1. How far is the Cα center of the stretch 154-229 from the Cα center of the stretch 78-110, in Å?
2. For the stretch 168-225, what percent of Cα pairs sit more than 14 Å apart?
3. What's the FRET efficiency of D214 with D16 using the Cβ-Cβ distance as r and R₀ = 25 Å, to the nearest 0.05?
4. Which ³J(HN,Hα) values in Hz, rounded to whole numbers, follow from the phi angles of the stretch 110-115 under the Karplus curve 6.51 cos²θ - 1.76 cosθ + 1.60, where θ = phi - 60° and Gly and Pro get x?
5. Which semi-axes, in whole Å and largest first, does the equivalent ellipsoid of the stretch 128-178 have when worked out from the alpha carbon gyration tensor as the square roots of 5 times its eigenvalues?
6. For K154, go through the lysines and keep the ones whose alpha-carbon is under 28 Å away, minus same-chain ones fewer than eight residues off.
7. Using the Kirkwood radius built from alpha carbon pairs, what does the Stokes-Einstein equation give as D for the stretch 81-197 at 25 °C and 0.890 mPa s, in µm² per second?
8. Classify the chain as rounded, prolate or oblate from the Cα gyration tensor: take a ≥ b ≥ c as the square roots of its eigenvalues, call it rounded if a/c is under 1.5, otherwise prolate when a/b beats b/c and oblate if not.
Amino acid sequence: MSGEKQPLAGHDLVFDKVTFGYNEHAVIQQASLSLPSGSFTALVGPSGSGKSTVLRLIARFYDPSEGQVLLSGENIREMNPEALLRKVSMVFQDVYLFQDTIANNIRVGKAGATQREVEQAARQACCHDFIMRLPQGYDTLVGEGGSTLSGGEKQRISIARAILKDAPIVLLDEATASLDPKNEADIQQAIDRLIQGRIVIAIAHRLKTVMSADQIIVLDQGRIVEQPA
Ligand SMILES: Nc1ncnc2c1ncn2[C@@H]1O[C@H](COP(=O)(O)OP(=O)(O)OP(=O)(O)O)[C@@H](O)[C@H]1O
């Protein structure tokens, strides 16, 4: 596998009767799902139903005890772990910012990205305007001891990283924090741009996100209880 950009079309992600537990208790039970290329799937269900675990299985933080996760027909267990990670972007709630400039924090998505590429990703993720208001713009230090960013701004930085990475699969854990309407609209726009042409699976906390999904998967105690067509 090369590190070159993979064509976005042609990937699909399948859970084939996946069972998994962190211990003897099964957290995901016989789950089968199909996420076609270019589709946006919202994952909903009560707390503890296994939503985060589904995302962790896709990123191979863990492997199923039964069944398999297939990417374009290949069991992800058989794939080179680095090749898999290159294909997956994670946009999580608790974004970690390094003690570095904001530009380098976005560059995490693609090592060696030019300033122009960083700025382009930042614009698409609705970050550019707030970055330009920081004391030293893209050179402002963030993270511990640096400028502090709001939860919504941090999540947009995470989206900018993912846009720069340009991976075909996006795992999204939407922020639960209540955001002001401007922040919320900006995040929505950033997500809309990120998801185009990719396989996106989102733990959706906002009704708007659920409504805009191509499919909604309802989990309850590790079982898929509803998967409308
Ligand atoms: N690292 C872990 N070790 C042991 N058990 C875990 C671990 N992570 C999660 N669990 C358990 O697995 C179950 C599913 O957890 P998971 O985080 O996937 O649910 P969730 O639907 O994402 O929940 P929430 O909406 O609260 O984030 C829960 O019972 C949880 O306690």
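1. 17
2. Above the 14 Å cut-off, the stretch 168-225 has 60 percent of its Cα pairs.
3. My answer for the efficiency is 0.80.
4. Those phi angles translate into 7, 4, x, 4, 6, 4 Hz.
5. Working: eigenvalues 95, 42, 18 Å².
Ellipsoid semi-axes (Å, largest first): 22, 15, 9.
6. Within the straight-line cut-off, K154 pairs with K5, K51, K87, K110, K165, K182, K208.
7. 174
8. prolate
FYI, it's all coordinate maths here, none of it is from the lab. On a predicted model such as this, the values are computed, not experimentally measured, just so you know. Positions of Cβ are generated from backbone atoms using ideal geometry, with glycine treated the same way; all protein chains shown enter the neighbour counts.
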